[in-house]
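Contents: one structure, followed by commentary.
What follows draws every value from the coordinates through simple rules; no lab data is involved. As the structure is a prediction and not an experimental result, all values here were calculated from the model. Neighbour counts run over all protein chains shown; Cβ positions are idealised from the backbone, glycine included.
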Amino acid sequence: MPVIEMRGIERHYDLGEVVVKALNGVDVDIGEGEFVAVMGASGSGKSTLMNIVGCLDRPTAGSYILDGIDTAKIGTDDLADIRNGKIGFVFQGFNLLPRTTALENVELPMLYARGGKISPKLIGERARKALERVGLGGRLHHVPTQLSGGQQQRVAIARALVNEPAILLADEPTGNLDSEMSLEIMTLFQELNEQGITVVMVTHEPDIASFAKRKVTVRDGLILADEPIADRQDAKEALAAWHARHVRFLEKSEATA
Ligand SMILES: Nc1ncnc2c1ncn2[C@@H]1O[C@H](COP(=O)(O)OP(=O)(O)OP(=O)(O)O)[C@@H](O)[C@H]1O
Ligand SMILES: [Mg+2]
C-alpha cells in the first residue's frame, strides 16, 4: 500500500477576477522507502503539490489518502496532528527562528505538539539526538547567524526529524546552498532514506535530482513524466570527489602563486 496516494488532485486559487489552476488532476502513488525528486519549470505547481502532500493545504478537488487515511474526511486540527506525527518539512530558506539556538529551534515542534505532554527533559534529549543525527552535536547552542548555510539547513532537517516522521518533504532544500553544502545535504537525505524514511524533494537542478531514485516531472499542474532515475548517484562519493578536486585546485593555485 502506498503511503501517498493521490487521485485527480486539483488546486485552484480563486483571486476574484481570475482563477489560477495550479494543479489540474494529479495522480500519483508514492510507496514507503521511495526517494522522489519533483522537477518542473517555475510556476508548474510543484510547491502547491508539496503543500498538499504535507497537509499544509487541501485540494480543491480529488482525493488524497495519506498512510491509509482519507485526508478529506478529517478536521483541520486532526490533520495538523497527523502532519506533526508523520511528516517533516524542509524549505529552501531554512525557516529557523533567529536569535534562537539550534537546540531550541529543534525543540519547537515538540512544544507545539497537541496533547503530546512530553517532559522538558525528554524534549531536550530528543532535540540533541536529532542534531547529533545530522552531525551537529557540537553546535547545539549556536544561533543561526553563527552557522553556515549548510549547517542551518541541517538544523532545519533535525527539526523536521524530531518527531520521527515516516515522510520527509523538502522544497528546494539546496536552493540557497553552494555545491559542497548541497552534496552534504544530499548525503544526509540518502542516509535517512536508507534508514527507511520516504523522501520527496523538489529541485530545479538535474544534478541534485540524480541522487533520488525516481523523478516526477510536473508541467502546467499535471504530471508530465514519471520515471526511475537511470544512473543514480551516490552523494557521499560525489562529495568525496568534490573534495579531491578542490584540494587539487588549491594545490595548483598554491604552486602557481
Ligand atoms: N497563494 C496563491 N494564490 C494565487 N496563486 C498562487 C498561489 N500560490 C501559487 N499560485 C500560482 O499557482 C501556480 C503554481 O505555483 P507553485 O508555487 O506551485 O509553482 P512552483 O512549481 O513551486 O514554482 P517555483 O519553481 O517558482 O517555486 C503559479 O502560477 C502561481 O502563480
Ligand atoms: Mg515552488
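A compact table of results
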item	result
Two-decimal Rg/Rh across the range 4-256, once Rg and the Kirkwood Rh are taken from alpha-carbon atoms	1.00
DSSP-defined beta bridges in the chain - what % are antiparallel, rounded to 5	55
Spatial separation of Cα centroids for the range 216-257 and the range 21-96, in angstrom	27
Above-threshold pairs, the threshold being 23 Å between Cα atoms, out of K73/K215; K129/K213; K86/K117; K86/K236; K46/K213; K86/K129	K73/K215; K129/K213; K86/K236
Pairwise FRET efficiency - A244 versus A80, Cβ, R0 = 35 Å, nearest 0.05	0.15
Sorted peptide list for 72-80, 36-44, criterion being average Cβ within 10 angstrom, highest first	36-44, 72-80
Calculated SAXS-style log₁₀ I(q)/I(0) at q = 0.24, 0.27 Å⁻¹ - the range 189-249, Debye, Cα scatterers	-1.07, -1.20
Qualifying GluC sites (Glu not before Pro) for the range 1-108 [loop in DSSP, other Cβ within 10 Å: at most 16]	E17, E32
Magnitude of the charge dipole, the range 4-256, Cβ model with Lys/Arg +1 and Asp/Glu -1, debye to 20	680
Kirkwood hydrodynamic radius of the range 141-185, Cα pairs, Å	11.3
Mean projected area (nm²) of the alpha-carbon convex hull when the range 65-163 is viewed from all directions	6.9
Within the range 152-257, percent of DSSP bridges classed antiparallel, to nearest 5	55
